[in-house]
Each structure stands twice: as C-alpha cells, then as structure tokens.
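Reading through the structure tokens given below for one structure.
The values are calculated or read from the model by the stated rules, or taken from the named source; none is laboratory data. Here the structure is a predicted model, which is why all the values come from computation and not from measurement. Note that each Cβ is placed from the backbone with ideal geometry, even for glycine, and that neighbours are counted across all protein chains shown. Just the protein is used for accessible areas: all its heavy atoms, side chains included, with ligands, DNA and RNA removed. Shrake-Rupley method; radii C 1.70, N 1.55, O 1.52, S 1.80 Å.
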Amino acid sequence: MSYTIGRLAETAGVHVETVRYYQRRGLVTMPSRTNGGFRHYTDTDVNRLRFIKRAQSTGFTLAEIEALLTLRESQSCVDTRALATRKLAIVEERMRDLRRLRLELKQWIDLCDHNPKHAPCPSIRKIAS
C-alpha cells in the first residue's frame, strides 16, 4: 500500500511532524518523490514507525532505538539482550531514586502536618540547609 505523509502518520499513530523529525534523525528514510512531486510511503514505513513508538513506550531513547533498529535488521539476540540489560539497570536505579524521593517527600509532609500553623516550615528549612 502507498501512503502520503499524512496518511502514514495517522496509520502509525503519530503526528506528521514526528515523521519529519524521525526523518531528520535518520530513523525513517525519506522516500523518493513521484512524478507529481509527492512522497509516498509503504507498509514498511508504517511498521518502522510503530516499532519506534513501541520502543519509546518501553522507555528506550531515540539513540537506543537507533541501535535497536540496526539490531532488528541483524536479528542479533545477544546484542539486543545486552541493550535491554543496560536499560533494565538504568530503570532499576531510577526506581531506587524514586523510592528515596518518595520517602523524603512523605517525611516533609509529616513535618508540615505536625508543624504549628504560623511557624516557619521545617520542610523549607530542610531544603535550605
């Protein structure tokens, strides 16, 4: 099937500007123009855009997705596993950081809950120190 850029974007569930941005980044190839000057995209382009969006929703950056696209062509499970392992380590570190932040914010709220109404805020003092 052949798609205009608008139809491609709609079918893949992205905006036209997203398609153009991915083209500038080299994630999606720029198709050749027809005799009428229009660019036509294929089902391969739709599938590539959907792959990019699914990878993003999994937390991969565009740089990492570029690597995944290369791995998709080579079908290297060893390299894909290594990339996923690195990403998992980053996610787990973020989760540890978020748990620490959650605990700290709960402590701030507790300090505020037990602070006299017009007294200086202990949470603000804690940030300032």
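Summary table below
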{"item": "Every residue from segment 1-47 that is exposed (fewer than 15 other Cβ atoms within 10 Å of the Cβ) and among the small types (Gly, Ala, Ser)", "result": "Ser2, Gly6, Gly13, Gly26, Ser32, Gly36, Gly37"}
{"item": "Residue in segment 83-105 that is open to solvent by less than 80 Å² (accessible area, probe 1.4 Å), in a loop (DSSP other than H, G, I, E, B) and of a type outside the set (Phe, Trp, Tyr) present", "result": "no"}
{"item": "Positions within segment 73-82 being open to solvent by 90 Å² or more (accessible area, probe 1.4 Å) and either assigned to a helix (DSSP H, G or I) or among the β-branched types (Val, Ile, Thr) (or both), in sequence order", "result": "Glu73, Cys77, Val78, Arg81"}
{"item": "Residue in segment 59-72 that is touching a residue at least 24 places away in the same chain (Cβ under 8 Å), outside any helix (DSSP H, G or I) and either within 23 Å of Tyr22 (Cβ to Cβ) or open to solvent by 90 Å² or more (accessible area, probe 1.4 Å) (or both) present", "result": "yes"}
